[in-house]
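Beneath this line is the structure, given in structure tokens, with notes to follow.
None of the figures in this text is laboratory data; all of them are computed from the coordinates on show. Model, not experiment: these values are computed from the prediction. When we count neighbours, we look across all protein chains shown, and the Cβ atoms used for this are built from the backbone with ideal geometry, even at glycine.
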């Protein structure tokens, strides 16, 4: 299966998941609004979800897939089964113990991630740690799900792992609409939805792993050579591959000191960024990691560099216009999707400021996802650690500076300073990752980058002007009828996309130029 075809397959399944995710968020916004309960649930969900991205999609996947790819290339199938079996058992035991401890000490864990709740909002703090005791085991289920996904991706079965998150969205929608009336605190239903979704996703993927003949009962073996290598690669990778997630948690920590609703507004803005990031950025990173690992194992640095170059070109062509569109259409998108029930016009404005700030960083977020595999595929986790530490320091300083400046100025949405700080740190992270690959001559850009950059920037600017005039005033979106908002946005977005593609075509860019890694001038 070609690189572009694999990416489209993953993107299609991820798109289905993200659309279901948007439906889930619309239901949550309508049912629960942006009050105390919603803030509490989102923190209780973000803590295990943060660890999911840190371990499952981050350090673990980046360490496990290269080692598994090497086993596939160089060893017998029984040794591959042994690696999977003992990795699952060892990882499962660690996460089981972590989950038990986190549930026992939920107030302490909550105080670390939402210090503001502890100091300023005691009722919200208590509800948060009660919900966390239900949601935290999600990390156990979803990390084992990530292991199964790594196996399936390594064997070219990309569609199943990309579809799997749909089960989370289904469970949360059911919980919000049908389970919540049966709880004294209705938001508790969402916490149980998270727990059940974790188990459902794991069972779904295990079926497909069994069809490959690789499913065995987990075993614990700390001395297994493959397990030791994975653990060794994971330890620095925990930070190295997940600076963006740590930055987002810092945002939540500081937002917990701001007015009620700040956590929720940041969440919905982040969800809008997650759509293109997941559909394209994570999908592309998922496809290229096993391919880069294979090229490295085969000792083919030229093909390795060409694959990186192809991926980065796709990032520019897709992420830059998406960033422009999200920024210009921040209010129309938030209003159309979420301004129902308890989610009022004021909530739309506050979330839109966050989305505008995040949209500037979309290109940086996706670049980090694509550049990091250039290190992990070669089993180099130390370099990304150093780089991510720098970017996290930038984020921490910028968080404080931007929020204080906005508070001092009297700006109505100081929480947007947190999103802007995350944006800045993502570009610092991406720039340093790229510089490292270039200095080590691991990545050598192919000819044609200057022309491609001008083509994409020009087309994005033209598209941006069209979207700006088509979107009209903010007041119309906030005061308009829901049906009118939906109809208007449903033609504005496709129109912007068509204008962008037409501008690219007239500039001389053709689809065939992006179909495969370039092998020369």
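Spin-label model, residue 203 to residue 407: label points 7 Å out along the Cα-to-beta-carbon direction sit 4.7 nm apart. Could you check the spin-label model distance between residue 400 and residue 484? Points 7 Å from the Cα along Cα→Cβ, value in nm. Distance between label points: 4.8 nm.
The equivalent ellipsoid that matches the C-alpha gyration tensor of the chain spans semi-axes of 34, 31, 21 angstrom, in descending order. Rounded to the nearest 500, the 222 nm mean residue ellipticity of the chain from helices alone is -25500 deg cm²/dmol, with -39,500 (n - 2.57) taken per DSSP H run of at least 4 residues. Across region 173-230, the mean sequence separation of Cα contacts (distance under 8 Å, 6 or more residues apart), normalised by length, yields a relative contact order of 18 percent. By the count of neighbouring beta-carbon atoms within 10 Å, fewest first, 167, 179, 222 end up ordered 222, 179, 167. Its relative contact order, with pairs defined as Cα atoms under 8 Å and 6+ residues apart, puts region 1-241 at 36 percent. Our summary of shape: the Cα atoms of region 271-354 have principal axis extents of 57, 21, 15 Å, ordered from largest down, in whole angstrom.
Evaluate E = 1/(1 + (r/R0)^6) for residue 444 and residue 507, where r is the Cβ-Cβ distance and R0 equals 30 Å; express this FRET efficiency to the nearest 0.05. With a Förster radius of 30 Å, E is 0.75. Based on alpha-carbon atoms, the Kirkwood radius and the radius of gyration of region 101-225 give Rg/Rh equal to 1.07. Ordering 65, 401 by the number of other Cβ atoms within 10 Å of each residue's own Cβ, fewest first, gives 401, 65. Among 490, 294, the order by Cβ neighbours within 10 angstrom, fewest to most, reads 490, 294.
Extension gain, residue 12 to residue 498, is 173.0 nm, computed as 0.36 nm per intervening residue step minus the present C-alpha separation. If R0 is 60 Å, what FRET efficiency do you get for residue 491 and residue 386 from their C-beta distance, rounded to 0.05? That gives a FRET efficiency of 0.80.
Rounded to 0.05, the FRET efficiency of the residue 78 and residue 220 pair, given R0 = 22 Å and the Cβ-Cβ distance, is 0.75. One Cα centroid belongs to region 327-388, the other to region 187-239; the line between them spans 26 Å.
For a paramagnetic label modelled on residue 300 (point 7 Å from Cα along Cα→Cβ), amide N atoms under 18 Å away belong, within region 403-444, to 442-444.
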